[in-house]
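The structure appears right after this line, and notes come after that.
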Amino acid sequence: MTEKRGTNKLIKTLAVLVLLPLSIIIPTLSLESYYAPTTNAQVRNTKSFAERKKQYRAQLKEALSTTDEQRIQLRCLAVQANIKTLATRSGEVQTKRVAAYSEITKEMDALSASLKNQAFETSELDKNIAELKVKVTAFQTTLADYKQTLEDLTVIDCSQDAASFKAALETARDLHTKLIGQVAEVRAFILNALKPSLQQVREELVSQQAAGESR
Amino acid sequence: MSARLGKPAVMDVQRPAQPTDIMPTAQLPVTNASPAGLEVPQPLPEQPQQPQTIQQPKIKGGKGPIVAIILIVFVVLLLIGGAVFYYLRSRASSGTVPITQTPAAQIPVADDGYTDPADIDATVQKIDGALTNLNDSTDFGASDLNDSTIGL
């Protein structure tokens, strides 16, 4: 009898030990997996999402007409699917561009450091490298904002909140236009300022070498 | 069980084969009727020795449950911690691409440390290669967010 009681108690304890954690873990993981796509696509925190929506609405240039509102409510779900594709693409663009610009600045930094090691005057080159970095950073900030706005557009409840959707779309368009300009600016700077300064450095190195050989 | 053992019936002694369940103790006659019809109180037969109920050793209620509770709480906290860690790690890994740049101090200086015109040419080539891989008009098409493109 005593043994039976002891066994029962052991079984109960084991059951509690197993079931209690499971009752916490399983709902947690299932909720996480259920909401994961939304949270990933969404924002890092819901609070700032609300704040951003407020910010989008504040930037809306003109009030939404009834016709526009109805049009958005009618079509926005399909629009959100298209914007989701665009957001995914912008993520790929971000990865590619960050890698490319990073490679360029890395090369320039290495070159500048190497030139400094041989007591070469690099102030002009360094100035250009610094300016390139400023431009690249500005581009990356805009791109991050653009990507965030696109992600927000895919999660805004557009059928209920057409004004926020429209405002976010306007913001995304502004950022997109800005990005086109910044991308062109970075390219132009590299071609018209950085490369000529590299050419100048090259000519100086050649003349230094020639002077060294003639001695 | 203990109630049955605690109140043994008188008849149980006389008819031990009879199970007590069949004849409840309340219905058992305590007196025998005399032939004259007078009821003579019979001396009660000697009470059989009450079977000694085995005293179960009481499980001390002090430490057992406390240890179990502590163990449960510990396991629960461990699992919650694990779940939170897993969640945070999975969320962090699915974040956006870091846009930080490598500080100049961490960049290895090229080859032998001496820069010649060939190094400049190599750098220019690398820059051109990086720029060639970037297609501005494809990456940021002018009509990407037009009403017609997005279906609005």
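The values are calculated or read from the model by the stated rules, or taken from the named source; none is laboratory data. Not measured: the values here are computed from a predicted model. Neighbour counts are summed over all protein chains in view; Cβ atoms, including those assigned to glycine, are modelled from backbone coordinates with ideal geometry. To get the accessible areas, we keep the full protein, side chains included, count just its heavy atoms, and leave off ligands, DNA and RNA. Shrake-Rupley method; radii C 1.70, N 1.55, O 1.52, S 1.80 Å.
Some observations on this one:
- Filter pass, residue A:202 being facing chain B (nearest Cβ under 8 Å) and either more than 29 Å from the chain's Cα centre (by Cα) or not in a helix (DSSP H, G or I) (or both): yes
- Region A:1-54, residues that are within 30 Å of residue A:170 (Cβ to Cβ), modelled with pLDDT of 75 or more and surrounded by 14 or more Cβ atoms within 10 Å (Cβ to Cβ): A:49, A:52, A:53
- Filtered residue count, region B:132-141, keeping only those that are within 7 Å of chain A (Cβ to nearest Cβ) and surrounded by fewer than 18 Cβ atoms within 10 Å (Cβ to Cβ): 3
- Sole exception among (1) away from every other protein chain (no Cβ under 11 Å); (2) buried (at least 21 other Cβ atoms within 10 Å of the Cβ) for residue A:109, by number: (1)
- Residues in region A:146-199 that are surrounded by fewer than 16 Cβ atoms within 10 Å (Cβ to Cβ), in a helix (DSSP H, G or I) and among the acidic types (Asp, Glu): A:185 alone.
- Residues of region A:130-159 classified as farther than 19 Å from residue A:98 by Cα, among the aliphatic types (A, V, I, L, M) and within 11 Å of chain B (Cβ to nearest Cβ), total: 1
- Failed item in (1) within 13 Å of another protein chain (Cβ to nearest Cβ); (2) touching an Asp or Glu at 6+ places or on another chain (Cβ under 8 Å); (3) hydrophobic (A, V, I, L, M, F, W, C), with residue A:60 passing the rest: (1)
- Unmet criterion (only one of (1) on the phi > 0 side of the Ramachandran plot; (2) assigned to a helix (DSSP H, G or I)) for residue A:57: (1)
- Filtering region A:70-84 for residues that are within 8 Å of chain B (Cβ to nearest Cβ), modelled with pLDDT of 90 or more and within 19 Å of residue A:177 (Cα to Cα) leaves a non-empty set.
- Subset of region A:112-129 [open to solvent by 20 Å² or more (accessible area, probe 1.4 Å) and facing chain B (nearest Cβ under 7 Å)]: A:113, A:117, A:118
- Flag for residue A:171 being over 14 Å from residue A:194 (Cβ atoms), in contact with a helix residue (DSSP H, G or I) (Cβ under 8 Å, 6 or more places away or on another chain) and more than 7 Å from chain B (Cβ to nearest Cβ): yes
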